[in-house]
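Chemist: Attaching a single structure in C-alpha cells format; questions to follow.
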Amino acid sequence: MYFPENFLWGGATAANQCEGAYDEDGKGLSIQDVLPKGFKVITDGPTPDNLKLKGIDYYHRYKEDIAMFAEMGFKVYRFSIAWSRIFPTGEEAVPNEAGLKFYDAVIDECLKYGIEPLITISHYETPLALAKKYNGWSNRIMIDLYLKYCQVLFERYKGKVKYWVTFNEINSILHQPFMSGAILTPKAQLSNQDLYQAIHHELVASARAVELAHRIDPNYKVGCMILAVTIYPLSPNPDDIIEVMRLDDENYLFADVQARGAYPYFAKRLFEEKGVQLEITDADREALTHTVDFVSFSYYSSNCASADPTKGEPTGSNMTTNLKRNPYSKVSEWGWQIDPQGLRYTLNRLYARYQKPLFIAENGLGANDTLVPDGKGGFTVEDDYRIKYMNDHLVQVSEALHDGVDVMGYTAWGCIDLISCSTAEIKKRYGMIYVDLNSDGTGTLARWRKKSFDWYKEVIATNGESLKV
Ligand code: BG6
C-alpha cells in the first residue's frame, strides 16, 4: 500500500445530523430543523417527526464519542459548527458564548487525544432566519454575515485548529437550492439568473474566508468541498461524451473558481446559454483570486449520463438529477451505485485539474444494520458489507497515491451512526459505531462497536497495510 506516513485517517460528521439539542443553550433554528424528511419536505417549524432535533444526542455525549474515535486511532476528525449556535439568527452583533463554549470543549477533547480537527464552517445548516428574511444566498448580504461568523471562528480557534472547509458540497446547490443555499424559492421556480447569482455570492464568500483565515493565521489551511458527481458516458456515442463534458463543467465550475481564482474559460458560454448575467464587482474579482489550500470532496458512487434522456435506467442517487445506472456497478440498498475504481479515477481527474492536495472528506456505505450479541454481554454488528466497501475504496486511494496524486487524508462519513441527510432516516447507517436509536425516535442511545470498528482501527494502526487487494 502507498499511504504516506502523515496520512490523515479519520471520520466525519455534521452538526445537524448528530448533535440534537436543537434549541439548547441559545441555539437558533437552522434550515435542518424544518426538514423532517430530508430535502423533500419543508415544514413551518420543528415537528416531532424530525429525528435531527434530538439527533444521536452527540451534544451531550461528544466526550464518549470522541474517546471512541481516539480508540480507533483517528488522526483527524471532520465536523461542522452549527452556524445558528454561534449566531442564532445570523444577524446578532455578538456571538452566542454558550454555543462557542460547546465547540471549545469539542476541540479540546480532540486535541487531548492528538486528533486534528477539520472544521466545516457551513454544512447544510444555515440559520433559518436568513432563509426567511433574505432567501438565503440569493441575497448578497449573506457574504458579510458569513464572514462575520468566520471571523469569530478563525480568531477563537487560532493555534488550535489548522484545517477548515468553507462550504460542504458547494455544488449541490444546483440540485438542492434550499438545503445547500437556504433559498426558499422552490427549485422549479428558481431562475438560472438567481441560482447562479447565489452561487456567485457563495464563491465570493468562500474566497474572502480564505483570505481572512490566512490573514488571521498564516498556518490555517482552508479547503473547498465538492460533491464529486463522477459521471461516465452511458455509451461511446459522441453525443454522450459531450453531455458528460457539459455536466462535468457545471459541477467543476465551483472548484475551478475556488482553486484557480477566476471563472473558468467555459463559463462565458455556459452563462450565455442559461441566460445568466452575473453581477460581479471588481472587488468580487479581486476576492476570487484568494484560492484554497486544498480541494476536498465527497465520493460515494459514480453514475452514467446520456444526451438522450429516454435512454438508460435512472439511478437511485437523489443528490443529483437525470443520471443513469451503470450495468457494471452494484448498488447499495438505497440505490447508490458502488464503484471503488471511480474513486481512483476521481482523484486523478481532480488532481490533473487542480494540482492541489486533495482530501477525501466523505466516503462510506449507508446500510441497514442488525444488532447482535457480541458474546461479551454487549452488542455488535457483523458489517462485513461495510468493511468490503471501505476496504475496496481505500485500496483505490492507495492506487491513486501510487499514480502520484497528492492525497492528504480520508474521513469516513458518519463514523458514528447519524441521521441521514437526504432522507432524515436513522436506519441508513454509515457508522463503525452503532447508535441504539430507532426510526420512531425510541432507543437507549447506547453506543456499540461494530465489526468495522476493529477493522478500521487496524487499517489505521498499520497505515493501510492490513487492507486486502
Ligand atoms: C453528503 C452530505 O452528501 O452525503 C452528508 O455531505 C450526507 O451530509 C452524506 O449525510 C450521505 O448522504 P445520506 O443522504 O445517505 O445521509
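Chemist: Return, for the Cα atoms of segment 179-272, the radius of gyration and Dmax in Å, separated by a comma.
Modeler: 15.9, 51
Chemist: Show the residues, 5+ positions off or on another chain, whose built amide H is closer than 5 Å to the amide H of residue 374.
Modeler: 379, 380
Chemist: Return a single number: how many Lys pairs in segment 87-213, at a sequence separation of 8 or more or on separate chains, have alpha-carbon atoms below 23 angstrom apart.
Modeler: 15
Chemist: Any chance you could run the full-extension gain for residue 237 through residue 406? It's 0.36 nm times the residue separation minus the Cα-Cα distance, nm to one decimal.
Modeler: Answer, rounded to one decimal: 57.5 nm.
Chemist: Determine, for segment 257-376, the count of lysine pairs separated by eight or more sequence positions (or lying on different chains) whose alpha-carbon distance falls under 26 Å.
Modeler: So the count of such lysine pairs works out to 5.
Chemist: From zero outward in steps of 10 Å, how is the percent of C-alpha pairs of segment 1-112 spread across the bins?
Modeler: 13, 40, 30, 14, 3, 0
Chemist: Per residue, how much accessible area does segment 79-215 have with a 1.4 Å probe, in Å²?
Modeler: I get 31 Å² per residue for this part.
Chemist: Ignoring ligands, DNA and RNA, what accessible area per residue does segment 341-469 give at 1.4 Å, in Å²?
Modeler: Roughly 37 Å² per residue, with all protein chains present.
Chemist: I would also like to ask the following. I want to verify the translational diffusion coefficient of the chain in µm²/s; compute it with Stokes-Einstein, Rh as the Kirkwood radius over Cα pairs, at 10 °C and 1.306 mPa s.
Modeler: In µm²/s, the coefficient is 71.
Chemist: Given a 1.4 Å probe and every protein chain left where it sits, what share in percent of the accessible area of segment 75-175 is carbon and sulfur?
Modeler: Looking at segment 75-175 in its full context, I get 54 percent from C and S.
Chemist: Okay, next question. Please report, as a whole percent, how much of the solvent-accessible surface of segment 267-384 comes from carbon and sulfur atoms (probe radius 1.4 Å).
Modeler: 49
Chemist: Continuing with the same structure: For the chain, what does the helix formula give at 222 nm: sum of -39500 (n - 2.57) over DSSP H segments with n ≥ 4, over the residue count, nearest 500 deg cm²/dmol?
Modeler: Counting only the DSSP helices, I get -12000 deg cm²/dmol.
Chemist: A follow-up question, please. How much FRET efficiency would the formula 1/(1 + (r/R0)^6) give for residue 44 and residue 465, where r is the Cβ-Cβ distance and R0 is 51 Å, rounded to 0.05?
Modeler: So the FRET efficiency works out to roughly 0.45.
The values are calculated or read from the model by the stated rules, or taken from the named source; none is laboratory data. The model shown is predicted, which means the values in this text are computed figures rather than measured ones. Reconstructed Cβ throughout: ideal geometry from the backbone, glycine too, with neighbour counts over all protein chains shown. For the accessible areas, the whole protein counts, side chains as well, though only heavy atoms, and no ligand, DNA or RNA atoms are used. Shrake-Rupley method; radii C 1.70, N 1.55, O 1.52, S 1.80 Å.
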